[in-house]
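**Student:** Handing you this structure, nothing more for now.
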Amino acid sequence: MTDKLKVDLHGAPQTMLATFYAKALDAHLPTPILGDQLAADIAERIDYDWARTSITAARSPAVTTRAAHFDRWTRQFLAAHPDAVVLHLGCGLDGRYFRLEPGPRVEWYDIDYPEVARIREQLYPSREHYHLVAASVTDPAWLDDVQAGRPTLMLGEGLTMYLTETEGVALLRRVVDRFATGELQFDAFNTLGIRTQWSNTVVRRSGATLRWGINGPDDILSQVPGTRLLAWTSPFDDPVFRELSWYFRLIATIMRPVPKLRYMAQYHRYAF
């Protein structure tokens with residue numbers, strides 16, 4: 001008998017287990033990137049064969065560098081807007097709210113499928129200004145219950161590539177139309193990244209399918225009126241890569257000079 005929470009997910013929701021486990025492993029490293037001890041503690045409470053994720057401590061920076069990047073951008077937004085609303089779309093099991101500990105005037109919404117929300121409810125504590133929304137991010141209805149009238153950050157880490165272009169553009173437009181001002185922050189794969197998804201072990205093992213390839217800011221600016229580019233960067237340009245193992249530094253050295261490889265994965269940031 002065990003009192004651990006048994007988790008059984010398939011497709012895109014299953015990929016959240018891999019990204020979560022990377023954060024749990026990172027907490028045990030001598031020099032962690034995130035240092036998310038809560039993730040490590042929660043992983044111990046989950047009954048799951050973590051070997052199925054293909055994530056190891058050595059591979060965890062492939063996930064945690066991205067999470068650290070969006071933690072940094074989120075902190076910047078909250079520093080400028082201490083009364084903000086945060087929409088953390090496709091949150092999975094990520095504990096960003098608990099890592100960042102936003103101020104008391106921030107209203108934070110974690111949104112994910114009902115089966116994911118049920119798992120989160122059993123693992124994370126409740127907070128006064130923290131809201132868990134059990135819905136698909138592509139369902140327009142959940143936005144009706146979110147407070148408008150404040151600066152709003154829409155954060156989508158590891159999300160866009162699982163949507164179709166039609167779904168993704170519609171989602172971004174809904175956010176921009178509903179809230180008066182704010183930012184869109186998300187990562188994406190270009191079309192080469194979508195075409196070579198067979199090489200992504202996490203995606204392949206989960207049975208998920210990557211769909212939407214974004215080749216640059218023009219793909220967003222031309223389809224989402226009211227947006228203005230703040231930043232578009234490759235993960236390989238993040239200073240953290242200089243502190244990683246030789247393996248990751250070598251990958252960055254090889255891929256950075258070739259635009260299609262350099263921007264196979266991308267970080268996007270827009271104001272609206």
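The values are calculated or read from the model by the stated rules, or taken from the named source; none is laboratory data. Owing to the predicted nature of the structure, the values given are computational and were not obtained by experimental measurement. Every residue, glycine among them, receives a Cβ derived from its backbone with ideal geometry; neighbour counts consider all protein chains shown. Only protein heavy atoms, including side chains, enter the accessible area calculation; ligands, DNA and RNA are left aside. Shrake-Rupley method; radii C 1.70, N 1.55, O 1.52, S 1.80 Å.
**Student:** Run the numbers for Ser136 and Arg118: contour at 0.36 nm per residue of separation, minus the present Cα-Cα distance, in nm. Don't skip to the end; give the middle numbers.
**Tutor:** Details: separation 18, 0.36 × 18 = 6.48 nm, distance 1.33 nm.
That pair, Ser136 and Arg118, stretches by 5.2 nm at full extension.
**Student:** Consider just the alpha-carbon atoms of segment 1-108 and return their Rg together with their Dmax, both in angstrom.
**Tutor:** Considering segment 1-108 through its Cα atoms, Rg and Dmax are 14.7, 49 Å.
**Student:** When every alpha-carbon pair in segment 132-271 is counted, what percent end up more than 28 Å apart?
**Tutor:** In whole percent, the share of Cα-Cα pairs in segment 132-271 beyond 28 Å is 24.
**Student:** Something else: Hey, what's the Kirkwood Rh for the chain if you take every pair of different alpha carbons, in angstrom?
**Tutor:** Values: mean 1/r = 0.0526 Å⁻¹.
Result for the chain stands at 19.0 Å.
**Student:** In whole percent, what relative contact order does segment 1-160 give with Cα contacts below 8 Å and a gap of six or more residues?
**Tutor:** Computed over segment 1-160, the figure is 22 percent.
**Student:** If you don't mind, another one. What does the charge add up to near Thr160, with Lys and Arg as +1, Asp and Glu as -1, over the other residues with Cβ less than 10 Å from its Cβ? Could you put the intermediate results ahead of the total?
**Tutor:** Details: positive: Arg211; negative: Glu157, Glu165, Glu167, Asp187.
Net local charge, Thr160 excluded: -3.
**Student:** Same structure again: Could you work out the percent of alpha carbon pairs in segment 1-48 separated by over 16 Å, rounded to a whole number?
**Tutor:** 42
**Student:** Would you mind checking the radius of gyration and Dmax of segment 39-81 based on alpha-carbon positions, in Å?
**Tutor:** Expressed in Å, the Cα Rg and Dmax of segment 39-81 come to 14.3, 41.
**Student:** Now a separate question. Rank Pro217, Pro225, Pro151 by mean-square fluctuation in a GNM of the chain with C-alpha springs under 10 angstrom and give only the top-ranked residue.
**Tutor:** Result: Pro225 has the largest fluctuation of those listed.
**Student:** Let me ask you something else. Per residue, how much accessible surface does segment 80-167 expose to a 1.4 Å probe? Answer in Å², no decimals.
**Tutor:** Result: 41 Å² of accessible area for each residue.
**Student:** OK, next. Considering only DSSP beta bridges where both residues belong to segment 132-272, give the percentage that are antiparallel (nearest 5).
**Tutor:** 65
**Student:** Rounded to whole Å, give me the distance from the Cα center of segment 163-216 to that of segment 28-99.
**Tutor:** 19
**Student:** Keeping the other protein chains in place, figure out the carbon and sulfur percent of the accessible area of the chain, with a 1.4 Å probe.
**Tutor:** Roughly 52 percent of what the probe reaches on the chain is carbon or sulfur.
**Student:** What distance in nm separates the two pseudo spin-label positions at Tyr247 and Ala271, each 7 Å out from Cα along the beta-carbon direction?
**Tutor:** 4.1
**Student:** Okay, next question. In nm, to one decimal, how far is the Thr181 label point from the Thr31 one, both placed 7 Å along Cα→Cβ?
**Tutor:** According to this spin-label approximation, the distance is 4.0 nm.
**Student:** If you don't mind, another one. Determine the calculated [θ] at 222 nm for the chain from helices alone, applying -39500 (n - 2.57) to every DSSP H run no shorter than 4 residues and normalising by the residue count; nearest 500 deg cm²/dmol.
**Tutor:** Mean residue ellipticity, 222 nm, calculated: -10500 deg cm²/dmol.
**Student:** Okay, moving on. At q = 0.11, 0.21, 0.22 Å⁻¹, work out log10 I(q)/I(0) for segment 192-272 with the Debye formula, treating every Cα as an identical point scatterer and leaving solvent out; two decimals please.
**Tutor:** Reported log10 I(q)/I(0), two decimals: -0.38, -1.08, -1.12.
**Student:** Between Gln147 and Leu229, what FRET efficiency follows from the Cβ-Cβ distance if R0 is 30 Å, with the result rounded to 0.05?
**Tutor:** In this case the efficiency is close to 0.65.
**Student:** Follow-up question, since we're still on this one. Given H placed on each backbone N at 1.01 Å, which residues far from Leu230 in sequence or on other chains put an amide H within less than 5 Å of it?
**Tutor:** Correct list: Arg269, Tyr270, Ala271.
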